[in-house]
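Report on the following structure.
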Amino acid sequence: MPKGNILIVEDSFIVAYHLQITLESEGYAVIGKCDTAEDALTFIQSTLPDLVLMDIMLSGEMDGVELASLLNKKFSIPVIFITALTDQETISRAKITEPYAYLTKPFEDREIFTAIEMALYKHSIESKLRASEQKYFSTLKSINDCVIVIDREFKIIYANPSVENSLQLSSNEIIGKSIFEVLIVKLSFDEDIFINPLQCTLGKANLNAMQDDLVLIRKDKLEIPIGESSLSILIDEANTTCGLIIVFREIAEKSEYQKLLKTLENQRLAAIIEGQEKERSRIAKDLHDGLGQTLNAIKMNANVIASNDVSGSIFYNLIDEAIQECVRISENLLPSKLKDFDLSTCLQALCSQVDIKSSCHVLFVGNETKIDVNQFTKINLYRIAQEALNNAIKHATAKNITVQLAEYDDTIHLSIIDDGHWLSLPSEIDLFKNNGLVNMRERAEIMGGKLKLESNSIGTIIGVEVPLK
């Protein structure tokens, strides 16, 4: 096997022949000799040599430098110049074509052998490197994930086509720009809070990622949810940090699917809670109209039979207590006020009732004007307040509780503030394992609202925000 297939481009027949004999004696194969750049280009298009030995001054319209430039762009074939020209202008033109060697005539045979061996070896290494880079960049171009590489100055030095597509920007509009000019993100669709895309939230499991639930603002102002991100440090050959690799993806379809699941779940919970309220109403009605009336009849008969008997009087009092308990249970299951009065009045009555019957002082603060809400919202907000008061007294041993109801910006705000000690539970995650709190949160969500809980050594605030309509 020859050491390499070489094309000689030389308009001097004697020089070309001498090169052929010399190279073949060393084990190289001379696959062609051309005396013009045009003939050489035609030859190379049909037969690719491993290397081209080429004079600069050639017959024809094109010289060796022009041909080398074409070969470098189209074929990536190594070129060694062999020329008698040593002027600065010629050398400057030749350098632009990135030749593998520049030999001046006359030269020794050993010089040409050394130059060829070095050129073939260097080209082989560069070809492997280019193939590896091509495979790497082909992978980055093909994946759907957005990949951005920035340097230590936060300038973008690479962005794959997915980034261009997501941002609706060309490569020229991205490369060289600051990451903070290009990657503009905010916390959510509902909030206009723009943040640093590279900041990490402490306390999360994965610190090498952007914050969850981010919204990307495109050039045309369209907002796109992004997520599933990662931030990786870019290390150079000296094992020094030289930048950052940012990976994220559009999650619009996933976000819509999650919204759909959430809507279906809220509808399911709403149906369950509505069923529970109907069952409460049925049981309350049965207690009032059935058991309550029966106990009243027994009470009247007991009063006639045992009016002068001490044991009969005790029996009468027990029946009276049973009637009162029946009324209390019935009222607790479905407060009659919820049918006839506004939400503020109902909450005022609830706070007064708890204040009287417990050792805790309960204060209600509400709007002077009535808040007009539908029965569904009224019942759910009442139940949330009811559950929050029960939790604060039973679990947090609160001594003072304030219930606040307000309306602004087409939103109802209900707050229950206590001085109890919820901090016996390790974290907010554990707090929401409490069945009562889960029930409150579910009720808030099926109304299209949200529930927040903040607890510290001073006390606890449970806040509910529900859209008025």
**Request:** Set Lys and Arg Cβ to +1 and Asp and Glu Cβ to -1, take the dipole of the stretch 1-111 about its Cα centre, and tell me which of A37, N72, S59 lies farthest positive.
**Result:** N72
**Asked** Between Rg and the Kirkwood Rh of the stretch 72-226, both from Cα atoms, what is the Rg to Rh ratio?
**Response** 1.22
**Item:** Contact order normalised by residue count of the stretch 39-191, Cα under 8 Å, 6+ apart, percent
**Value:** 14
**Item:** Rounded if a/c under 1.5, otherwise prolate or oblate - the stretch 1-131, Cα gyration tensor axes
**Value:** rounded
**Complete:** Here, I235 and S171, labelled 7 Å along Cα→Cβ, have an inter-label distance in nm of 2.9
**Request:** Quote the relative contact order of the stretch 1-114 in percent (integer), defining contacts as alpha-carbon pairs under 8 Å separated by 6+ residues.
**Result:** 23
**Item:** Surrounding net charge for N400, when Lys and Arg each add one and Asp and Glu each subtract one, Cβ distance under 14 Å
**Value:** -2
**Prompt:** Taking the Cβ-Cβ separation of E89 and I195 as r and a Förster radius of 56 Å, what is the calculated FRET efficiency to the nearest 0.05?
**Reply:** 0.50
**Asked** Of K262/K337; K155/K259; K370/K469; K357/K452; K3/K122, which sit over 26 Å apart, Cα to Cα?
**Response** K262/K337; K155/K259; K357/K452
**Prompt:** Roughly what would the spin-label model give for I14 and I125, points 7 Å off Cα along C-beta, in nm?
**Reply:** 3.9
**Request:** Extending each Cα 7 Å along its Cβ direction at L363 and R110, get the distance between those two points in nm, one decimal.
**Result:** 10.3
**Message:** I'd like the distance between the alpha-carbon centres of the stretch 44-98 and the stretch 3-19, rounded to an integer number of Å.
**Reply:** 14
**Request:** Sort 124-132, 67-75, 86-94 for me by packing, meaning the mean count of neighbouring Cβ atoms within 10 Å per residue, highest on top.
**Result:** 67-75, 86-94, 124-132
**Item:** FRET efficiency estimate (nearest 0.05) - Cβ-Cβ, L222 to N439, R0 35 angstrom
**Value:** 0.35
**Asked** What dipole magnitude, in Debye to the nearest 20, does the stretch 1-146 give about its Cα centre under +1 on Lys/Arg Cβ and -1 on Asp/Glu Cβ?
**Response** 700
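Coordinate-derived values only; no laboratory data. Small disclaimer: the values here were computed from a predicted structure and weren't measured. Because the Cβ atoms are built from the backbone with ideal geometry, glycine has one as well, and the counts that use them run over all protein chains shown.
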